[in-house]
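Here the structure comes first, spelled out in structure tokens, and everything after it is commentary.
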Protein chains: 2
Amino acid sequence: MPHYNADHLKVFCQHIFGQLGVDFDNAYKVADALIQADLEGVGSHGISRLTIYAKRMKEERINPNPSVSIVKKADSVLLVDGDNGLGQIVSVRAMEEGIALAKKSGTAAIAVRNSNHFGAASYYCQMASEAGLAALVLTNSPPGIPPWGGTKAFFGTNPIAFGFPTGTEAPVLIDLSTSVVARGKIILAAKQNQAIPKGWAIDECGNETENAKEALNGAVLPVGGAKGYALALAVEVFTGVLSGAAFGPHVHNIYDHSDQKANVGHFFVLFDIEKFMPLNTFNLLMKQLISEIKETPTKAGVDEILYPGERRHREWQRSSKEGIYLSDELEQELIQLGEELGVAFAKK
Amino acid sequence: MPHYNADHLKVFCQHIFGQLGVDFDNAYKVADALIQADLEGVGSHGISRLTIYAKRMKEERINPNPSVSIVKKADSVLLVDGDNGLGQIVSVRAMEEGIALAKKSGTAAIAVRNSNHFGAASYYCQMASEAGLAALVLTNSPPGIPPWGGTKAFFGTNPIAFGFPTGTEAPVLIDLSTSVVARGKIILAAKQNQAIPKGWAIDECGNETENAKEALNGAVLPVGGAKGYALALAVEVFTGVLSGAAFGPHVHNIYDHSDQKANVGHFFVLFDIEKFMPLNTFNLLMKQLISEIKETPTKAGVDEILYPGERRHREWQRSSKEGIYLSDELEQELIQLGEELGVAFAKK
């Protein structure tokens, strides 16, 4: 089994970005965000994205050295233009500015336009937690979910994420898409000629389907029916409308052949806990809440109740020791990318 | 069919509150919030709550004349103590202060503790919309939802609400509980000896049940499974932990016989749109977004795609003309309440 040392993979990513013209600091930031996702078992938002990011930077569809700028500023508001940079570069910068503002004012809302896929939303929640802030993180994404009653994908799978410090290494991290399931799972089932569970997707006529190929011509359903539609819409308004980014079907997919920039929008809201109560008190209350949750009687077959963020923390602990698993396919893809750009692939 | 004029019902509520010692302004505020819910077809949060509110005020479990106070203040943060007043009195006051703060600073987060049931969350989103603000409104509530894998209700059905102006009379209003269904629907099914759909609730062993009575001994399921659990937890942290209110099973139910105050917590986040872009521009973009949503092809049997808030606006238009329908049971209950407190019931 090809398990790779996380630091070696991070250096590989960093060198790849360097070869593409990304400056040293930013290359490190993106590499860190990608490998963090792999360490936490969220490989879909990790190094598996490197090849497409590289391809789009080579084609100049994504700007390797964006001039991220603050377009508007108020006591507790920032409007950020990402200059079509990688979402991680834009978002880490926006978060750094936002954390400083929230520490001063108590709350900060940061709207970002002209960005790209920013990886896992939980990464920014973690940044906030480490600074003693609670966070709400939203992003839009290319069309995946139809409006309720519609047959055509309109909203992105628009994740909603929250982070809360706990005074331990493992903050509460909530990161959920407003779709029932990631579109990637349907793509995989279609490739393998497998059926998908009822309730995941509709065909192009809007009927529920268990046929993965039909589902790919239709749309992924919102979580909880009309409730998920409403949540996806709320995310779209904050990230796509209030930021001045693209919204709905106007958000472009970097996996599509096109020369359009994605113009993804993000929205971060940060809350300085110290402005409400001492952080120590908050941490004690969080520990009480978590231990009371864990004391709830469980149903048959459930050994333990986990809080959101706990599983990914355990996964992080495990893979920090054992390394990150890459599929043969991904390993080959990365070796080839390294060869194209003159970067030796990571040692195991 | 007993349909009542909304203004007459509002005056009746106001007089009832007056007899219970609520001052004139506050009596008007609560009456307005309750009747607004009835007008919008959300009777569960309307005048049907009057009798229990009155009972608890008579017993001094709810304070009719709270000294709502601002305990902490920062540039964009308010921490409010509701002094155990009716949730509507406390929340309207918190919103008034919060709107002023958001207009100044750009964003405001208002955490409220020591409050009670505040009616429909959408009411506060409407207040914000009318002031040109986007809003996120959260509240906790007595236990209804188990943690994922658990068998016992722990979190409230903790609603999440959003409001966005549209430049029309009908803002986007999203108001959803993090449970699959309101517990009231299960109580009703149990009374009528009817089965409930699979997926609504679990019995006391944590198994899914279609038996309404067994469900009442168990718990209501979170919307979208583990995702709803995570959302209910996020709401609980903002409303119950960060505010210093009660959380989880420590929130008391005013329908239970007990002498405990509820100590409900709320959390409001307000965003001044003008700090991001001119309100007119925002309204134009919202109109574009809404019209594009409505142009999405619909599945068979769906005439029209609605945006969240549109149905309740139509209901409001209809019942403003035709009056509010009260069931015979509710009508009798209110007549009796009026007799007890020396207030003539509303004319039709």
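The values are calculated or read from the model by the stated rules, or taken from the named source; none is laboratory data. In this text, all values refer to a predicted model and were calculated from it rather than measured experimentally. Note that we place each Cβ from the backbone using ideal geometry, even for glycine, and neighbour counts take in every protein chain shown. Surface areas here come from the heavy atoms of the whole protein model, side chains and all, with no ligands, DNA or RNA. Shrake-Rupley method; radii C 1.70, N 1.55, O 1.52, S 1.80 Å.
Selection of the stretch B:259-311 for residues being acidic (D, E) and within 20 Å of the chain's Cα centre (by Cα) yields only B:E310.
Look at A:G206 and say whether it is out of contact with any helix residue (DSSP H, G or I) (no Cβ under 9 Å at 6 or more places or on another chain), at positive phi and open to solvent by less than 10 Å² (accessible area, probe 1.4 Å). So that I can check it myself, show each step before the final result.
Working: out of contact with any helix residue (DSSP H, G or I) (no Cβ under 9 Å at 6 or more places or on another chain): yes; at positive phi: yes; open to solvent by less than 10 Å² (accessible area, probe 1.4 Å): yes.
For A:G206, the condition - out of contact with any helix residue (DSSP H, G or I) (no Cβ under 9 Å at 6 or more places or on another chain), at positive phi and open to solvent by less than 10 Å² (accessible area, probe 1.4 Å) - is met.
The residues of the stretch A:64-82 that are of a type in the set (D, E, K, R) and surrounded by fewer than 16 Cβ atoms within 10 Å (Cβ to Cβ), listed by number, are A:K72, A:K73. Residues considered: A:G309, A:G265. Of these, the only one that is touching an Asp or Glu at 6+ places or on another chain (Cβ under 9 Å), within 13 Å of chain B (Cβ to nearest Cβ) and closer than 24 Å to A:T51 by Cα is A:G265. The lone criterion from (1) open to solvent by 20 Å² or more (accessible area, probe 1.4 Å); (2) within 19 Å of A:Y229 (Cα to Cα) left unmet by A:T168 is number (2).
Is it true that B:S115 is away from chain A (no Cβ under 11 Å), open to solvent by 10 Å² or more (accessible area, probe 1.4 Å) and of a type outside the set (F, W, Y)? Lay out the reasoning, then the answer.
Values: away from chain A (no Cβ under 11 Å): yes; open to solvent by 10 Å² or more (accessible area, probe 1.4 Å): no; of a type outside the set (F, W, Y): yes.
Answer is no for this residue.
Looking only at the stretch A:274-288, decide whether some residue is in contact (Cβ under 8 Å) with a residue 40 or more places away in the chain, open to solvent by less than 40 Å² (accessible area, probe 1.4 Å) and more than 9 Å from chain B (Cβ to nearest Cβ). The answer is yes, given that some residue of the stretch A:274-288 is in contact (Cβ under 8 Å) with a residue 40 or more places away in the chain, open to solvent by less than 40 Å² (accessible area, probe 1.4 Å) and more than 9 Å from chain B (Cβ to nearest Cβ).
If you go through the stretch B:84-104 and keep only what is of a type in the set (S, T, N, Q) and buried (at least 24 other Cβ atoms within 10 Å of the Cβ), you end up with B:Q88, B:S91.
A residue that is within 30 Å of A:K287 (Cα to Cα), at pLDDT 95 or above, not in a helix (DSSP H, G or I) and not β-branched (V, I, T) can be found somewhere in the stretch A:176-184.
Among B:G244, B:G301, which is on the phi > 0 side of the Ramachandran plot, touching a residue at least 60 places away in the same chain (Cβ under 8 Å) and not in a helix (DSSP H, G or I)?
Numbers: B:G301 fails: touching a residue at least 60 places away in the same chain (Cβ under 8 Å).
Of B:G244, B:G301, the one residue that is on the phi > 0 side of the Ramachandran plot, touching a residue at least 60 places away in the same chain (Cβ under 8 Å) and not in a helix (DSSP H, G or I) is B:G244.
Quick check, is B:V264 touching a helix residue (DSSP H, G or I) at 6+ places or on another chain (Cβ under 7 Å) and open to solvent by less than 40 Å² (accessible area, probe 1.4 Å)? Working first, answer last.
Working: touching a helix residue (DSSP H, G or I) at 6+ places or on another chain (Cβ under 7 Å): yes; open to solvent by less than 40 Å² (accessible area, probe 1.4 Å): yes.
So B:V264 fits the description; yes.
Within the stretch B:129-155, the set of residues being more than 13 Å from chain A (Cβ to nearest Cβ) and under 19 Å from the mean Cα position of the chain (by Cα) comprises B:E130, B:T139, B:S141, B:P142, B:G144. Restricting A:G21, A:G41 to residues that are touching a residue at least 12 places away in the same chain (Cβ under 8 Å) and open to solvent by 50 Å² or more (accessible area, probe 1.4 Å) narrows the list to A:G41.
Specify the residue that is nearest to A:A300 (Cα to Cα); the eligible residues are those in the stretch B:137-156 that are of a type in the set (A, V, I, L, M) and open to solvent by less than 10 Å² (accessible area, probe 1.4 Å). Among residues in the stretch B:137-156 that are of a type in the set (A, V, I, L, M) and open to solvent by less than 10 Å² (accessible area, probe 1.4 Å), the one nearest to A:A300 (Cα to Cα) is B:I145.
Looking across the stretch B:52-86, the residues that are under 14 Å from B:A111 (Cβ atoms) and more than 14 Å from chain A (Cβ to nearest Cβ) come down to B:V68, B:S69, B:G82.
Can you find even one residue in the stretch A:98-108 that is away from chain B (no Cβ under 11 Å) and free of Cβ contacts under 8 Å to residues at least 12 places away in the same chain? Checked against the condition, which is being away from chain B (no Cβ under 11 Å) and free of Cβ contacts under 8 Å to residues at least 12 places away in the same chain, the stretch A:98-108 yields at least one hit.
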